Amino acid sequence: MTKIITIAQNKGGVGKSTTAANLGAGLARQGKKVLLIDMDAQANLSACFSHVSKYHIGQVLTGAVSVEDATVPVGERLDIIPSVKTLLEFEEAIAGKPRREDILRKAIKKHVEGRYDYVLIDTPPHLGLMTYNALYASDYYIMPMQSEFFSYDGIDTLIGHCNSISEDTGLELGGIVLTRYNEKKRGMALQAIANAIKSDPDYKTFNTYIRENNKLYEAQLKHKDIFSYDPGCNGAEDYNKLTLELIERYG
């Protein structure tokens, strides 16, 4: 059964796109068939891969093109539906439609079931219509976050919104992933935040954390996932561990 997971956090710069790209690539390396969907107008997930496509997720949402036409292969067992910088125009175009938050789920449901093992959806750093569409389409949501106050302060806000969606769809928290983590540089206050996140069972925090690693940024600049760019670096090791932990949890 296809598992659809949204990568969400109502704060920018926490590693959503990096996690979506490298977790997707990691799952593909483990023999899983994966579809990535970029729902962010910044198109950072799309920029992680070299691809040629005249279609994008905005056209899928407005019904201008099919999911099949917008899907581009970017690796072995790894596909993407890219975003575009003008995505906000397409968001405005669907804003007045009935059940506007449910458009993505209806568009992809028949296409992904039985064809992909995992669908990972990258989202904007706010709870707008694109994020709601991603969450309504998903079985789980994963929250990347840094161990800093402003990231921590937003956890319960996002979880509260997702709990409301869960009443309609059964959406579940898949877990929190600590990113850009450096234990040596953390002061006592920030270390206390990290420990609080790890120790709260309601947050389902993954044991694996993603260490701060410049290779992750370099890979994005080269339009590659971390395994293709530098398979021996800390970033590749961490995302491989996270991939295996995700498979252990959810199959």
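The values are calculated or read from the model by the stated rules, or taken from the named source; none is laboratory data. Just so it is clear, the structure is predicted and the values come from calculations on it, not from any experiment. We place every Cβ from the backbone using ideal geometry, glycine too, and count neighbours over all the protein chains shown. Areas reflect the complete protein model, heavy atoms only, side chains present, ligands, DNA and RNA absent. Shrake-Rupley method; radii C 1.70, N 1.55, O 1.52, S 1.80 Å.
Quick notes
- Ile108 vs. criteria in contact with a helix residue (DSSP H, G or I) (Cβ under 8 Å, 6 or more places away or on another chain), more than 23 Å from Arg249 (Cβ to Cβ) and modelled with pLDDT of 95 or more: no
- In the range 135-158, the residue that is most open to solvent (accessible area, probe 1.4 Å) out of those that are at pLDDT 85 or above and over 16 Å from Asp202 (Cβ atoms) is Asp139.
- Hits in the range 103-134 (condition: assigned to a helix (DSSP H, G or I), closer than 15 Å to Ile37 by Cα and open to solvent by 40 Å² or more (accessible area, probe 1.4 Å)): Arg105, Lys106, Lys109, Tyr132
- Meeting the requirement of 2 or more residues that are open to solvent by 30 Å² or more (accessible area, probe 1.4 Å), under 22 Å from Ile142 (Cβ atoms) and at pLDDT 90 or above, the helices (runs of 4 or more DSSP H) wholly within the range 159-243 are 214-221.
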